[in-house]
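Single-structure report; data block below.
The values are calculated or read from the model by the stated rules, or taken from the named source; none is laboratory data. All values derive from a computational prediction rather than experimental measurement. FYI the Cβ positions are ideal-geometry reconstructions off the backbone, even for glycines, and counts take in every protein chain you see. Side chains included, ligands, DNA and RNA excluded: accessible areas come from the protein's heavy atoms. Shrake-Rupley method; radii C 1.70, N 1.55, O 1.52, S 1.80 Å.
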Amino acid sequence: MNRCSWACASELEMHYHDHEWGVPVHDDRILFEFLILEGAQAGLSWSTILKKRDGYRAAFDDFDAEQIATYDSDKVAALLANPAIIRNRLKINSAITNARAFLEVQAKYGSFDLFIWQFSDGKTLQNHWQTGAEVPAYTSVSDAMSKTLKKLGFKFAGTTICYAFMQAVGMVNDHTVDCFRHDAVEQMGSF
């Protein structure tokens, strides 16, 4: 069974690739989870984040944005002492800032889902890469998303992070054409 080359290093990466990566997500809580995890990944490998994902879920109240938006300095101190997550003050503070911005987006647009999927016109952008080397780190769409998110107050929302987010939540299908998931994800492509 052929997989995207990045997904073959561990069972955890294979499982994530086979069941989640590129599958369209329209649940606001899950979209928020990926937004926070992709920001946490900055400068690190995705495998590091996958290994700590359960720790993040526990430490960050299962990515409940309303809860996270209320975090105070005592909670930040507890998070900085928690070895189950990446203990980086800027990334922890950005999760709180992003929770507040996320709630504002929900209030304005009705859901984060409706807001974020507008960048891909409500459908998965279909690519047909032959090799992983062809897959870009960012695009004009992720540039626009990043610019808009930053204007709305989001942190750790650069274009590369936004593109990784788009890949994770199925806004773009970057499975290579020889990957067994490419065609299945292509069929899921819109809502």
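Here are the numbers for this structure:
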| item | result |
| --- | --- |
| Residue within region 131-149 that is part of a helix (DSSP H, G or I) and acidic (Asp, Glu) present | yes |
| Region 41-63, subset touching a residue at least 24 places away in the same chain (Cβ under 8 Å) and among the polar types (S, T, N, Q), residue farthest from residue 75 (Cα to Cα) | 47 |
| Residue check for residue 106: outside any helix (DSSP H, G or I) and open to solvent by 40 Å² or more (accessible area, probe 1.4 Å) | no |
| Matching residues, region 59-76, being over 13 Å from residue 99 (Cβ atoms) and surrounded by 12 or more Cβ atoms within 10 Å (Cβ to Cβ) | 59 |
| Hey, residue 175 in contact (Cβ under 8 Å) with a residue 40 or more places away in the chain and either outside any loop (DSSP other than H, G, I, E, B) or open to solvent by less than 40 Å² (accessible area, probe 1.4 Å) (or both) or not | yes |
| Wholly within region 33-101, helices (runs of 4 or more DSSP H) carrying at least 1 residues that are in contact with a helix residue (DSSP H, G or I) (Cβ under 8 Å, 6 or more places away or on another chain) and among the polar types (S, T, N, Q) | 46-59, 65-68 |
| Only one of 12, 80, 90, 37 that is open to solvent by less than 20 Å² (accessible area, probe 1.4 Å) and among the hydrophobic types (A, V, I, L, M, F, W, C) | 37 |
